[in-house]
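Below is one structure; the comments refer to it alone.
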Amino acid sequence: MQVADPKQLEALERSASRKRTLYRWLLFLVLGLFAIYYLAPLYVMIVTSLKSMDEIREGNLMTLPGEIMLDAWKTAWSGRGYAAGDVFLRPFFWNSLKMVVPAVAISTFFGALNGYALTKWRFKGDNILFLLFLFGCFIPYQAILLPMARTLGILGLSNSISGLVLVHTVYGLSFTTMFFRNYYISIPDEMIKAARIDGAGFFKIFFKVLLPISAPIIVVTVIWQFTGIWNDFLFGSSFSFGEAAPIQVALNNMVLTSTSVKEYNVDMAAAFIAGIPTLLVYVLAGKYFIRGLTAGSVKG
Amino acid sequence: MFYWLQKNLPKIVIAPSFAVILWFVYGFILWTVYVSFTNSKMLPRYDFAGFKQHIRLWSHFRWYTAVENLLIFTVLFIGICIVIGIILSILLDQKIRAEGFLRTVYLYPMALSFIVTGTAWKWILNPSMGIEKLFIDWGFTDFTFDWLVNRDMSIYTIVIAAVWQSSGFVMALFLAGLRSIDDEIIKAAKIDGAGLYSIYITIILPMMRPVFMSSIVILLHISIKSYDLVIALTAGGPGTSSDMPAVYMTQMAFHRSEIGLASASAVMMFLTVLAIVVPYLYSELRRQDAGR
Amino acid sequence: MATLKVSDLTKNFGKTQVLKQINLDVSDGEFIVLLGPSGCGKSTLLNMIAGLESVDEGEILIDEYVVNRVEPKDRNIAMVFQSYALYPAMTVRDNVTFGLKQRKVSKEKIEQSLKHFSKMLQIDQLLERKPAQLSGGQRQRVAMGRALVREPQIFLFDEPLSNLDAKLRIEMRHEINKLHEQLGTTMIYVTHDQVEAMSLATRIAVMNEGIIQQIGTPQEIYDKPNSVFVADFIGSPAINLIHGTYSKNGAEACFIPDLQKDDFKIPLSDYAFESEPKDGQQIIFGFRPEHINLPDVSLKSSMKVELKPTLIELTGYEKEVSFEFFGNEVTGRLPRHIEAELAKPISLNLDLSEISIFDSASTLRL
Ligand SMILES: Nc1ncnc2c1ncn2[C@@H]1O[C@H](COP(=O)(O)OP(=O)(O)O)[C@@H](O)[C@H]1O
Ligand SMILES: [Mg+2]
């Protein structure tokens, strides 16, 4: 059409601006509703954990606590103070920490080394090798659960934190190797060539040239591994029980093995405590968390 | 000697990790496959028994429930996650001021474990004190919601919680995809006279094919492995009505002393993943090669 | 067929002002080239004309109607982008006809246009392919086709040739030139390549830092740049600029370079000042490489100089020679048969009829 008639022009302008406003409102409405959908469970968890059981029975999910009660949090963290059948999270929280720190550190270090060797010192069959590593990201762990249990038994590591460290390190290697390999492949080979001409060897190049520029991928990998291992339940529940259990297992036990009356406020406080470390990581380093999720989206 | 060491250092460095992977991944999988062809019960036995365990597995009504549930769960979980993910990513892509905040909100459940997720939703969906009571308090006095204890509906509660946990992730994938689109393509479409709706339907979404593929593969993978959420939310119940293959496997392995049967079910899960992942990895690698 | 008028157009991105009160008047059938360094706001201006960026201040008029808030699709324009912006999931046919389909043009009409223009652009063999299966040059043609079939009243081009290799670029430049001649449609063309600008434009608007520095025919821009920026930006090798002083003694005016020796001066009596500087004012003297000539060339107004070559480069049909000139290095374009040797002074003739003089302080033409 010809932009010609001023009246028509005015109508065009008016309809364009009206449409824009309408779209904007609709947009924020939908986005807001979804925000509520995602936030509601968190709200319910917090509110419930701050109420007494009486209040919970009287009110509903959304009602705010009349007065803020921290008893449930205390019970969830350090128990009621009597011995038998009292499950509380404190010891298991430390179990999880003792498991996560070495497992993350070891698997990340070896992942970096593998990624480096696979990309900067190409050798025959390195791509096949990488594929074999990569495949480990995808296997359903049910397929290795039974032999792993037996192996841990033979090694005398059943029901121990060291056993879980071993398991998480082994099955984390695939992921860490993939992360570092994909990062190092984007770093120009010239940098390594220059260092070699300057007389640096394999390890010198790794520690002096590559590691100093690997901070972003180290953060991504550490966050990925930390979240994965902290949140693991399958390995924890299959290879440990009782005192050596990690926190997710303890949380599940706590929720299941209720005493005579179900204490939802304690459950919610416990669930929140179990989620705090990963939530904290997400809030503090969300950018790297998302990068890990999307960068590693070749995996699962 | 020194020269040999120098030359082979990369291989030597990789060797321990590779040996570990060979043993703990490939060796263990072979072991599991082998055991699925034996009579193993409480302890593994290495006598060959043919397809006995597989036949037992496929005649077990509980396994059928698990497989059926997996199908229901997978279809709904993937479908809903992708729909929500697309909607949210497109809406967030409209130059919203609060985008950073909203993205954080949509994605935070991904940081929580399935056990935490399950615990929270178990309370929310509590048949008497949860969402049912909420709606009654709000004036819907006839409202009932008992899916958690309803044999026919319990699997859907798992879908609800899983979608809540994972849909933000699909949003993030699609948003990254949308952001990678050349701005000029959208400008060209606007000049060509396409409205926002038809720009997305006819131009942008068809460009998102790789993102669809990745999302589907990743979600499929999550759903085949889903174990924690079921345990925390319904523990497979009421009865065995919300069993899934992963739950079935651990039940047989650790509670029923049916190692052979458990292995047979694990092999089924492994084969399913194989059927999805191998073509995906293959096409992914070809795409990368082509892009180079 | 349309005119375009841009008045006092201003655009801010956050706190930075990327366009500052742009004025531009394009008459029907003109080929205007917006020329300037990268980041000076050319694309922003073009996008605003297209309606893809909102207007902060000022007005855009197409055929005398203010279109500030009219949607891009209602402005009856077509645009070709630097990245071509083809729709990857569509075939060439669908790419080209997409705009017409959106406008609910009849099937026969679409088919007819497609046939006509795809033949004209030699893409009629490629219609069923996807963009990924095309070479760079073919993609460029498809992008052109997509704009052409729309038969708009204004064509907008945003660096359409800068992703092509040198040979194809020249080829496509010729085609665009022919196209403009055939269609006679108003065209606005953005580029940072001065050769493209010179060869395509009926008028060039030279932009820098959000301001149109000068607008005029290619000849005007080249011969009478209105500022040091324009003088320096246009022409390759670049114009020679010498700092010095203006001296006026009665009727005799001359330029005295800084660092001169032996009372060297260049007479400026024949230069037509737009505003004459004061005696002793700091000025910049500019002359283009082709204004250094062999002594046997006869010129209207010239002076003899002895210059020492410091660098000699053969470019093919001529030699580019750098000379030492009172602490400056100046470049000359000389026929390739000259016998120049490094550090051996040669006698040359400096053409004074086409020089430019700028004020040192304001850098504007005097
Ligand atoms: N959407 C935007 N947001 C912020 N700054 C922008 C945006 N688009 C362009 N700019 C800035 O405006 C200036 C002009 O950009 P542009 O018009 O693209 O320059 P040109 O096309 O001449 O190279 C640049 O400094 C660029 O960084
Ligand atoms: Mg530009």
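The values are calculated or read from the model by the stated rules, or taken from the named source; none is laboratory data. In this text, all values refer to a predicted model and were calculated from it rather than measured experimentally. Neighbour counts run over all protein chains shown; Cβ positions are idealised from the backbone, glycine included. For the accessible areas, the whole protein counts, side chains as well, though only heavy atoms, and no ligand, DNA or RNA atoms are used. Shrake-Rupley method; radii C 1.70, N 1.55, O 1.52, S 1.80 Å.
Of the GluC sites (Glu not before Pro) found in segment C:200-277, those that fall in a DSSP loop while having at most 11 other beta-carbon atoms within 10 Å are C:GLU274. Loop-located GluC sites (Glu not before Pro) in segment C:43-98 (DSSP state other than H, G, I, E, B) with a sparse environment of at most 12 neighbouring Cβ atoms within 10 Å: C:GLU64. When its C-alpha radius of gyration is set against 2.2 N^0.38 Å (N residues), segment C:1-80 gives a value of 1.04.
Could you check how much of the accessible area of segment B:74-243 is carbon and sulfur, as a whole percent, using a 1.4 Å probe?
Within segment B:74-243, the accessible surface is 65 percent carbon and sulfur.
Assign one of three labels to chain A, namely rounded, prolate or oblate, based on the Cα gyration tensor with a ≥ b ≥ c the square roots of its eigenvalues; rounded applies when a/c is under 1.5, prolate when it is not and a/b is larger than b/c, and oblate otherwise. It comes out oblate by the Cα gyration axes.
Structural descriptor for segment A:90-299: relative contact order 33 percent, calculated from alpha carbon pairs under 8 angstrom and at least 6 residues apart. With both residues required to sit in chain C, DSSP beta bridges show an antiparallel share near 75%. Given a 1.4 Å probe and the protein chains as shown, B:LYS52 ends up with an accessible area of around 100 Å².
Mind checking the log10 I(q)/I(0) for segment A:6-69 at q = 0.14, 0.18, 0.28 Å⁻¹? Debye, one equal scatterer per Cα, no solvent, two decimals. The calculated log intensity ratios at q = 0.14, 0.18, 0.28 Å⁻¹ are -0.59, -0.73, -1.05. Charged neighbours of A:PHE88, selected by a Cβ distance under 11 Å, balance to +2 (K, R count +1; D, E count -1). Counting only DSSP H runs of at least 4 residues, each contributing -39500 (n - 2.57), and dividing by the residue count of chain B, the helix-based mean residue ellipticity at 222 nm comes to -21500 deg cm²/dmol.
Think of segment A:136-292 as a dipole: +1 on every Lys or Arg Cβ, -1 on every Asp or Glu Cβ, centred on the Cα centre; then among A:VAL220, A:ALA245, A:PHE233, A:VAL220 lies furthest on the positive end. Sites counted here are chymotrypsin sites (Phe, Trp or Tyr not before Pro) in a DSSP loop (not H, G, I, E or B) having no more than 16 other Cβ atoms within 10 Å; the longest part of chain B that contains none of them is B:144-292.
Taking each DSSP H run with n ≥ 4 as -39500 (n - 2.57) and averaging over every residue of chain C yields -7000 deg cm²/dmol at 222 nm. Could you pull out the longest piece of chain A with no exposed loop chymotrypsin sites (Phe, Trp or Tyr not before Pro) in it, calling a site exposed if DSSP puts it outside H, G, I, E, B and it has at most 16 other Cβ atoms within 10 Å? It runs A:124-240. Accessible surface area normalised per residue over segment A:13-102 is 59 Å², counting heavy atoms of protein chains with a 1.4 Å rolling probe. With the cut-off at 1.5 for a/c, could you classify chain B from its C-alpha gyration tensor as rounded, prolate or oblate? Oblate.
Please give the charge dipole size of segment C:63-186, origin at the Cα centre, charges +1 on K and R Cβ atoms and -1 on D and E Cβ atoms. Round to the nearest 20 debye.
So the dipole magnitude of segment C:63-186 works out to roughly 380 debye.
Is the shape of the protein assembly as shown best called rounded, prolate or oblate, per the rule: a/c under 1.5 gives rounded, else a/b larger than b/c gives prolate, else oblate, with a ≥ b ≥ c the square roots of the Cα gyration tensor eigenvalues? Because a/c hits 1.5 or more and a/b exceeds b/c, the protein assembly as shown counts as prolate.
Heavy-atom surface analysis with a 1.4 Å probe gives segment A:90-299 a carbon and sulfur content of 67 percent of its accessible area.
All C-alpha pair distances within segment A:204-286, sorted into 10 Å bins from zero, spread as 15, 33, 27, 15, 7, 2, 0 percent across the bins. Taken along the Cα-to-beta-carbon direction at a fixed 7 Å, the label points for A:ALA105 and A:GLU67 span 4.6 nm. Charged side chains reduced to their Cβ positions (Lys and Arg at +1, Asp and Glu at -1) give the protein assembly as shown a dipole of some 3680 debye around its Cα centre. Would you please name the trypsin sites (Lys or Arg not before Pro) within segment A:107-178 that are DSSP coil residues with at most 10 other C-beta atoms within 10 Å of their C-beta? Filter output for segment A:107-178: A:LYS124.
If you take all other residues with their beta carbon under 14 Å from the beta carbon of C:ARG173, and give Lys and Arg +1 and Asp and Glu -1, the sum is -3.
Positive end of the charge dipole of segment B:74-243 (Lys, Arg +1 and Asp, Glu -1 on Cβ, about the Cα centre): tell me which of B:LEU196, B:ILE78, B:LEU178 has its Cα farthest that way. In segment B:74-243, that residue is B:LEU178. Label-to-label distance for C:LEU299 and C:LYS278 is 3.1 nm, based on points extended 7 Å past Cα in the beta-carbon direction. Put simply, chains A and B cover up around 8000 Å² of each other's accessible surface, both sides summed, when a 1.4 Å probe is used.
Here's the picture: charge each Lys and Arg Cβ at +1 and each Asp and Glu Cβ at -1 in segment A:33-117, and of A:VAL100, A:THR48, A:LEU89 the one pushed furthest to the positive end of that dipole is A:VAL100. Within 10 Å of the Cβ of each residue in B:137-143, the mean number of Cβ atoms contributed by other protein chains is 1.
Its Cα centre serving as origin, chain A has a Cβ charge dipole (Lys and Arg +1, Asp and Glu -1) of approximately 1040 debye.
Per-residue mean of foreign Cβ neighbours for C:76-86 is 5 (Cβ atoms of other chains, 10 Å radius).
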